[in-house]
């Protein structure tokens with residue numbers, strides 16, 4: 001059976017990807033929130049800033065990196081700023097623009113949270129793969145263009 005020209009196996013692959021992504025994100029988010037008071041989205045912002053030159057990114061670049069709208073990122077950065085984890089500074093080259101900058105407190109929390117997140121990714125995803133599947137997944141994501149130039153889940157923290 002097919003739906004709109006998509007075969008059963010293809011539909012199962014697509015729906016499986018969506019459901020698995022949703023479940024993993026929910027579980028990783030809940031674990032970070034429970035353990036460190038940090039959402040997965042907040043963790044991702046801190047991680048992107050950690051990997052950026054000078055631990056800073058223009059707000060629009062950061063929004064693109066974490067797949068949020070500018071207004072969604074602005075609200076998230078507001079929360080991080082109130083907690084002292086991120087600060088905004090004027091862009092010297094464009095006085096209308098702002099950088100988000102990772103603070104020392106933000107770096108400390110990122111370093112605390114990274115082992116929890118990495119362990120969760122391993123437990124919920126990597127440990128469930130058969131030998132060679134992680135490499136095959138990585139090849140597929142690269143081929144599909146999903147291999148962003150972002151630091152790994154917490155590499156070198």
Taking 99, 21 and counting other beta carbon atoms within 10 angstrom, the fewest-first order is 21, 99
Difference of contour (0.36 nm per residue) and Cα-Cα distance, residue 136 to residue 105:
7.4 nm
Cα extents of region 21-66 per principal axis, largest first, Å, are 30, 21, 13
Could you give the length gained on full extension between residue 112 and residue 70, defined as 0.36 nm per residue of separation minus the Cα-Cα distance, in nm?
12.4 nm
Could you work out how far helix 133-144 tilts from the main Cα principal axis of the chain, as a 0 to 90 degree angle to the nearest 10?
70
I want to check the label-to-label distance for residue 144 and residue 17. Put each point 7 Å from Cα in the C-beta direction and report it in nm to one decimal.
0.2
Once you place label points 7 Å from the Cα toward the Cβ at residue 8 and residue 79, how far apart are they in nm?
4.2
To the nearest 10 degrees, how steep is helix 8-36 against the longest Cα principal axis of the chain, on a 0 to 90 scale?
40
Hey, what does the equivalent ellipsoid look like for region 2-144, semi-axes from the Cα gyration tensor as sqrt of 5 times each eigenvalue, largest first, whole Å?
32, 19, 14
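Only the coordinates and a few stated rules stand behind these numbers; no lab work does. Predicted, not measured: the structure shown is a model, and the values here were computed from it. Ideal geometry is used to build each Cβ from the backbone, glycine not excepted, and the neighbour counts take in all protein chains shown.
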